[in-house]
Every structure is written in structure tokens, then in C-alpha cells.
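Read the figures in this text as sums done on the coordinates, not as results from a lab. Note that the coordinates shown come from a computational prediction; the quantities given were computed from them, not determined experimentally. Glycine also receives a Cβ, built like all others from the backbone with ideal geometry; neighbour counts cover every protein chain displayed.
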Amino acid sequence: MEEKTINLTVNGRKHELKITPNTTLLRALRDQLGYTEVKNGCESGDCGACTVIMDGKAVNSCMVLIWQADGSEIVTVTGLGDANHPHPIQQAFADSGASQCGFCTPGMVMSTYTLLEENPHPNEDEIRMALSGNLCRCTGYGHIVQAVQQAAEEMSSSGGQK
Ligand code: FES
Ligand code: FES
């Protein structure tokens with residue numbers, strides 16, 4: 001298939017790619033642009049490890065073809081914060097022991113981000129529902145729910161979404 005030029009903004013940085021248009025957003029982010037914090041778990045839309053925010057919505061990047069993302073704004077987990085300046089959600093995941101092997105964590109954090117943007121005070125059922133597309137092999141989900149609750153409290157006491 002013929003390559004096309006695709007424009008993407010990732011974590012505020014603009015990229016122009018020459019790429020076959022049926023490449024997935026996941027492959028483009030990881031293999032061409034080096035955003036390896038976006039994890040490849042199943043590549044079939046089942047695990048949520050590859051979740052990124054695309055134009056304000058959480059998407060499984062393995063299910064988006066790159067032509068569909070042309071011109072879009074993407075945020076990955078490193079776009080929220082880093083070890084020195086963690087986002088409250090990242091801090092809450094660390095504090096709550098919600099990250100064991102850490103493989104699911106980037107996707108969990110991004111799904112949590114969109115949840116709290118839409119619903120700053122979710123109850124436990126709403127948290128579990130919002131994260132139902134994100135699978136974790138390690139934690140049993142209790143610590144993850146606790147992390148989301150901690151992040152919600154922290155963000156609402158500090159005046160809302162950061
Ligand atoms: S890698 Fe995309 S949903 Fe699993
Ligand atoms: S922390 Fe290991 S898969 Fe979730």
C-alpha cells in the first residue's frame with residue numbers, strides 16, 4: 001500500500017509521518033515515533049493497555065488506523081506527568097500500590113483521566129465500569145479502585161482537573 005503523509009500532535013509535539021495508512025495508531029506511536037509507554041498487550045481491542053487520549057477521548061490505539069488519527073491531538077501517559085512532576089492520578093497509583101508489573105498502568109491512568117474529567121466524583125461501581133476495558137493481571141483491582149478514589153479526592157480538593 002502506498003505511503004501517505006499523516007500529521008499528529010503527541011503530548012504537544014507535532015509529528016509528520018510517511019506511513020501506510022492502514023498502520024495502527026499503536027504501531028505508529030511505538031515503532032515509528034518511540035512512544036513506548038503506550039503498551040501493546042493484545043492488539044485486538046481487548047486489554048486496554050494501549051489506551052491513549054485522542055482529541056479528548058480515551059481510545060484503544062490498536063483499534064485506530066493511522067489515517068483516522070490524521071490531524072488529531074494525542075496524549076499518552078507521559079504527557080500527563082513524569083517521575084519528577086507526577087499527575088495526581090500517577091501519584092495516586094504509586095501511593096496505592098496499584099501498579100505491580102506496571103504493564104496495564106499507562107492505559108489505566110489514561111482511562112482514569114477521562115473518567116475524572118467527565119465525572120469528578122465517581123462511586124466504586126462507576127470506577128469499575130469505567131475501567132472495565134482495562135485488564136490487569138496483577139492487582140485484583142482493589143488497589144486500582146483505591147487509587148482512582150484518591151486521585152478524585154486530591155483533584156477536587158486542589159480545584160479540579162490538572
Ligand atoms: S493492545 Fe490495544 S486493547 Fe490490547
Ligand atoms: S499491574 Fe501488572 S498487569 Fe496490571
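Please list, in order along the range 26-32, the HN-Hα scalar couplings obtained from phi with the Karplus expression 6.51 cos²θ - 1.76 cosθ + 1.60 (θ = phi - 60°), rounded to whole Hz, x for Gly and Pro.
Listing the rounded values in order: 4, 5, 5, 5, 6, 7, 9 Hz.
Whole-Hz ³J(HN,Hα) for each residue in the range 93-106, computed from phi via Karplus 6.51 cos²θ - 1.76 cosθ + 1.60 with θ = phi - 60°, x for glycine and proline: what do you get?
Those phi angles translate into 4, 5, 5, 8, x, 7, 10, 9, 6, x, 5, 7, 4, x Hz.
Let me know the Kirkwood hydrodynamic radius for the chain, please, with Cα pairs as the basis and the value in Å to one decimal. Don't skip to the answer; put the middle values down first.
Details: mean 1/r = 0.0627 Å⁻¹.
Computed over Cα pairs of the chain, the Kirkwood hydrodynamic radius comes out at 15.9 Å.
Suppose the Debye formula is applied to equal point scatterers at every Cα of the range 81-157; what is log10 I(q)/I(0) at q = 0.12, 0.19, 0.23 Å⁻¹?
At q = 0.12, 0.19, 0.23 Å⁻¹ the computed log10 ratios are -0.26, -0.69, -1.04.
Out of SER72, SER99, SER111, any idea which swings most in a Gaussian network model of the chain, alpha carbons joined below 10 Å?
SER72
Neighbouring Cβ atoms within 10 Å as the yardstick, rank ARG13, ARG30 fewest first. Each step should come with its number before you reach the end.
Numbers: ARG13 10, ARG30 18.
Ascending Cβ contact count within 10 Å gives the list ARG13, ARG30.
Find the centroid of the Cα atoms in the range 103-161 and in the range 22-50, then give the distance between the two in whole Å.
Centre-to-centre (Cα) distance: 21 Å.
Using the Karplus equation 6.51 cos²θ - 1.76 cosθ + 1.60 (θ = phi - 60°), what ³J(HN,Hα) coupling, rounded to whole Hz, does each residue of the range 51-67 give in order, writing x for Gly and Pro?
So the Karplus estimates, Gly and Pro as x, are 4, 10, 9, 10, 6, x, 10, 6, 9, 7, 5, 6, 9, 10, 7, 4, 5 Hz.
Set the Förster distance to 30 Å, then compute FRET efficiency between ALA83 and GLU43 from the Cβ-Cβ distance, nearest 0.05.
0.60
I need the P(r) histogram for the range 4-79: all alpha carbon pairs, bin width 10 Å from 0 out to the longest distance, whole percents.
With 10 Å bins starting at 0, P(r) equals 22, 61, 17.
Given 0.36 nm per residue, what is the gain on full extension from THR9 to ASP55 after removing their alpha carbon distance, in nm?
Numbers: separation 46, 0.36 × 46 = 16.56 nm, distance 1.00 nm.
The THR9-ASP55 span can extend by a further 15.6 nm.
Among ALA49, GLN32, MET63, whose Cα sits farthest toward the positive end of the charge dipole of the range 4-79 (+1 at Cβ of Lys/Arg, -1 at Cβ of Asp/Glu, about the Cα centre)?
Sorting the options by dipole projection puts first GLN32.
Taking other Cβ within 10 Å of each residue's Cβ, how do MET129, MET110, MET63, MET1 sort, fewest first?
Working: MET129 12, MET110 26, MET63 15, MET1 8.
Starting with the residue having the fewest Cβ neighbours, the order is MET1, MET129, MET63, MET110.
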